[in-house]
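J.: Right, I'll just put the structure down here and ask away after.
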Amino acid sequence: MTLFGLDPVLFAAAAVVALFAGFVKGAVGFAMPMIMISGMSSFLPAEVALAGLILSTVLTNLAQALRQGVGVAVLTIRRYWRLIGCVGGAILVSAPLVRVLPAHWMYLILGGPILLFTVSQLMGWQLVLPSLHRARAEVAMGLLGGFFGGISGVWGPPVIAYLLSFDTEKQDMVRVQGVVYLIGSLVLVGAHLGSGVLNAQTLPFSAALVVPAVLGMWGGLRLQDWLDPERFRKATLVVLFLAALNLLRRGFAGLG
């Protein structure tokens with residue numbers, strides 16, 4: 001007996017991972033792909049884990065992007081068009097490389113700088129960049145995040161680092177993440193329909209994980225509403241710090 005092509009125990013484990021990932025995303029606005037890919041790839045093939053996170057990511061990002069209304073989301077797209085365009089374009093370019101490039105090097109290259117950034121922020125060395133650097137930072141972080149997103153399904157850390165560096169307000173930060181991640185995740189769906197990662201076998205599994213992911217996000221949103229801006233910032237940094245450690249762990253494990 002199988003569930004969506006998996007042993008029932010493995011599917012149950014994947015559902016638990018999706019539930020937790022949804023809760024964290026609801027609380028701080030990101031980290032769902034990082035948690036799902038790192039958690040599920042520990043007991044499922046990497047490509048199956050990547051496929052499993054995609055539909056949950058799309059639908060939870062849609063809910064996050066539209067939580068304050070369609071009009072505000074459209075204004076966000078206009079304001080952050082460089083960041084969104086660079087993320088989407090880089091995902092399209094890098095997605096075909098998922099079968100070629102050694103993922104562990106990608107995790108190390110991404111995890112190191114993000115770890116240094118979060119440690120410095122948590123120690124009180126808050127980096128707030130002047131607005132004149134905003135356009136260049138959007139392009140750089142969008143390209144970096146999209147490149148890693150196409151390969152691993154994870155493009156959050158560079159985007160979060162960008163938003164934190166410009167001291168983005170709590171509600172704006174969550175909404176911008178939702179819009180950027182929604183568009184990026186839609187590009188990811190198309191890219192991996194083309195790459196073969198999403199197929200007739202993996203699509204039902206990905207769809208089944210939407211339910212626990214959405215339930216988890218509902219619970220996380222209750223926590224987010226309770227957090228004041230400073231606690232929200234610290235919670236975001238802690239999650240980003242743990243994500244960076246996990247990326248480095250996976251990278252060093254691949255070297256062995």
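J.: Take the alpha carbon gyration tensor of segment 1-117, find the square roots of its eigenvalues, order them as a ≥ b ≥ c, and report rounded if a/c is under 1.5; if not, report prolate when a/b exceeds b/c, else oblate.
T.: Working: a/c = 1.87, a/b = 1.30, b/c = 1.44.
Because a/c hits 1.5 or more and a/b fails to exceed b/c, segment 1-117 counts as oblate.
J.: Right, something else. What does the convex hull of the Cα atoms of segment 126-233 come to per residue, in Å³, rounded to a whole number?
T.: Looking at segment 126-233, the number lands at 104 Å³ per residue.
J.: Given the options S56, L247, F166, identify the residue whose Cα lies farthest towards the positive end of the charge dipole of the chain (+1 on Cβ of Lys, Arg; -1 on Cβ of Asp, Glu).
T.: F166
J.: At a 10 Å Cβ-Cβ cut-off, how would you order F30, F252, fewest neighbours first?
T.: F252, F30
J.: Could I ask something else about it? For a footprinting-style exposure proxy, rank E169, E230, E47 by other Cβ within 10 Å, fewest first.
T.: Listing E169, E230, E47 from fewest to most nearby Cβ atoms yields E230, E169, E47.
J.: In which sequence would V28, V17, V211 go, from the one with the fewest C-beta neighbours within 10 Å to the one with the most?
T.: Ordered by Cβ neighbours within 10 Å, fewest first: V211, V28, V17.
J.: Next up: Using helices alone, I'd like the mean residue ellipticity at 222 nm for the chain: each DSSP H run of four-plus residues gives -39500 (n - 2.57), total over residue count, nearest 500.
T.: Computed mean residue ellipticity for the chain: -26000 deg cm²/dmol.
J.: Calculate the dipole size of the chain relative to its Cα centre from +1 charges on Lys and Arg beta carbons and -1 charges on Asp and Glu beta carbons; express the result in debye to the nearest 20.
T.: It works out to roughly 320 debye.
FYI, it's all coordinate maths here, none of it is from the lab. Please read all numbers here as calculations on a predicted model, not as lab measurements. Every residue, glycine as well, gets a Cβ built from its backbone with ideal geometry; the counts of neighbours run over all protein chains shown.
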